[in-house]
2 protein chains.
Amino acid sequence: MPTDLSRLCIHSITTKPWPLDVAIDKFSAAGIGGISVWQDAAEAIGFQRARQLLEASPLEVVSYVRGGFFPHHSREARQRALDDNRRLLDEAASLGAPLLVLVCGAEPRQSLTESRHQIQAGIESLIDHAAGCGVKMAIEPLHPMYADTRSAINTLGQANRVAEAIGHEQVGIAVDVYHLWWDDQLEEEIRRCGANDNLYAFHICDWKVPTSDMLLDRGLMGEGCIDVPRIRGWVEDTGFTGLHEVEIFSNAYWASDQDEFLQRILAAYRQHS
Amino acid sequence: MPTDLSRLCIHSITTKPWPLDVAIDKFSAAGIGGISVWQDAAEAIGFQRARQLLEASPLEVVSYVRGGFFPHHSREARQRALDDNRRLLDEAASLGAPLLVLVCGAEPRQSLTESRHQIQAGIESLIDHAAGCGVKMAIEPLHPMYADTRSAINTLGQANRVAEAIGHEQVGIAVDVYHLWWDDQLEEEIRRCGANDNLYAFHICDWKVPTSDMLLDRGLMGEGCIDVPRIRGWVEDTGFTGLHEVEIFSNAYWASDQDEFLQRILAAYRQHS
């Protein structure tokens, strides 16, 4: 288990009730290593102010969340998505974030095959812009229960195939235990991901038993059935030295006292990660 | 699309408000080819009566649902599960059902690896009894959102590996579009499943967008985002000549008029399967 907090990063959405400036203060005071910044949180306080506060803090900016959503029926909508992603890459650079996380998207009115083609084409068309910004992109495979509208990339094996087909250092993968824990191929695919230098980010939380909401009922590490330390071990066996990002969407936790919740995150990280 | 109903089978749970005797009457009158019988439905009217009604009907008994749930913490609980499965195999035989569908189970307090070992060992220990009954068993890979408590077998690739490791004609696989539609390896794994003579059953329904309940909000074919005809094509390309089993758990449909619902099933089968 982690003995210090230097490799702990928290996503701003995890403590969603806190404005970004408050989150930066609280996370800094707690002594954690990093923060991943969600777009709406930065936009709400302004990108210039967000950058100043982040630069003045001891926090490492780990990633900017989230781009993607490439598949659409119409060419115009796909073009708008690319424009949005270029703006997000610019924003990531302006905040000093080295990585944009991609929730790749899915369009239920077209085939998964078509959506997958549009995802790969979309990512490829952003590579030059991303390189110009100095921002890498991480494909985040999402749990198959999100294959209808959120992502047509649903296993690490599939994400590996896409990243390898693209074959550019600007594009890697974010491994999130919530989306991938169930997969009997996970250890092997993590090894493959690392061996190809595609393992760019590592997200943690837990799968509650039972889960009451498909989107907003994630648990703290140790609260559910995911063996986070085991998966972290596989990730670190590849040579991954990045931060461990706590990304929790939870109506229950958002409704609770956020200072107490932060203390629970630190305890869960120390004991169950 | 199917032009007649001879290959349409409906699971008794699909029209759950109807007792089994009513379902047998209604399905027979509708001219469909078969029925898959759930344990509680048969038990409620008695196995002897159920058998008489099924024998007197024109319906083919396609499968008996459901055995499995092998993983447990204690040896005693695992033994009870095996006893339960032997009883279910006997009941299947008594109803004239040639196949017992296995929802393999998962125990969230132990590792998936351990649960998977217990699943394979459990199935293997039932083979002689199943052969004696003349009843085959079908591993049904379940959607990864059920990996916590319902099944640690979550992709067709994984089910193929387990069935191939067991390597006995008494054990095959049930392919259900609801659980497997999202998988980018599905076409390939269906081909493999068929090539190894492991494709024993084919279940259909649809994934609603949005899905309001993780268990009880399945849709009729055509109502969601699953390309059922395409997957059926892959299944039949392997030489599969079995029935197409409609298995829908839906609070909304169960609350509706079941005669009207049956007509909707027939229409959905003709137009969207």
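Only the coordinates and a few stated rules stand behind these numbers; no lab work does. Remember, it's a predicted structure, so these values are computed and weren't measured experimentally. Every residue, glycine among them, receives a Cβ derived from its backbone with ideal geometry; neighbour counts consider all protein chains shown.
Here are the numbers:
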| read-out | value |
| --- | --- |
| For B:270, A:7, order by how many other beta-carbon atoms lie within 10 Å, fewest first | B:270, A:7 |
| Point-charge dipole on Cβ atoms (K/R +1, D/E -1) for the protein assembly as shown, about Cα centre, debye to 20 | 100 debye |
| Label 7 Å beyond Cα on the Cβ vector: residue A:79 copy-to-copy distances, nm | 7.1 |
| Theoretical ellipticity at 222 nm over chain A - DSSP helices of four or more residues, -39500 (n - 2.57) apiece, nearest 500 | -14000 deg cm²/dmol |
| Positive-end extreme of charge dipole, segment A:228-273 - chosen from A:266, A:229, A:253 (charges on Cβ) | A:229 |
| Of B:61, B:17, B:103, farthest towards positive along the dipole that unit charges on Lys, Arg, Asp, Glu beta carbons give segment B:1-124 | B:103 |
| Amide H contacts under 5 Å for residue B:69, placed H, 5+ residues apart | B:103, B:104, B:105 |
| Long-range HN-HN contacts of residue A:100 with modeled amide H, under 5 Å | A:64, A:136, A:137, A:138 |
| Footprinting exposure proxy for B:11, A:129 (fewest neighbouring C-beta atoms within 10 Å first) | A:129, B:11 |
| Karplus 3J(HN,Hα) series, Hz, for segment B:202-219 with 6.51 cos²θ - 1.76 cosθ + 1.60 (x for Gly, Pro) | 9, 10, 10, 5, 8, 9, 6, 10, x, 9, 8, 9, 5, 10, 10, 9, 6, x |
| Angstrom value of the Kirkwood radius, inverse mean 1/r, which spans all Cα pairs in chain A | 18.6 Å |
| Backbone HN-Hα couplings from phi across segment B:32-41 [Karplus 6.51/-1.76/1.60, Hz, Gly and Pro as x] | 7, x, x, 9, 10, 9, 8, 4, 5, 5 |
| For residue B:263, label point 7 Å along C-beta direction: distances to other copies, nm | 6.3 |
| Translational D in µm²/s for segment B:13-156 (Stokes-Einstein at 25 °C, 0.890 mPa s, Kirkwood Rh from C-alpha pairs) | 155 µm²/s |
| Long-range HN-HN contacts of residue B:246 with modeled amide H, under 5 Å | B:9, B:10, B:11, B:204 |
| Relative contact order (%) - criterion: Cα under 8 Å, at least six apart; region: segment A:207-273 | 43 percent |
| Mean separation of Cα contacts under 8 Å (6+ apart) over length of chain B, as relative contact order % | 19 percent |
| Other copies of residue A:230: label-to-label distances in nm, shortest first, labels 7 Å along the beta-carbon direction | 3.4 |
| Exposure proxy order (Cβ contacts within 10 Å, fewest to most) of A:26, B:16 | A:26, B:16 |
| Convex hull volume per residue in cubic angstrom - Cα atoms of the protein assembly as shown | 148 Å³ |
| Globularity index of segment B:178-251, i.e. its alpha-carbon radius of gyration over 2.2 N^0.38 Å | 1.13 |
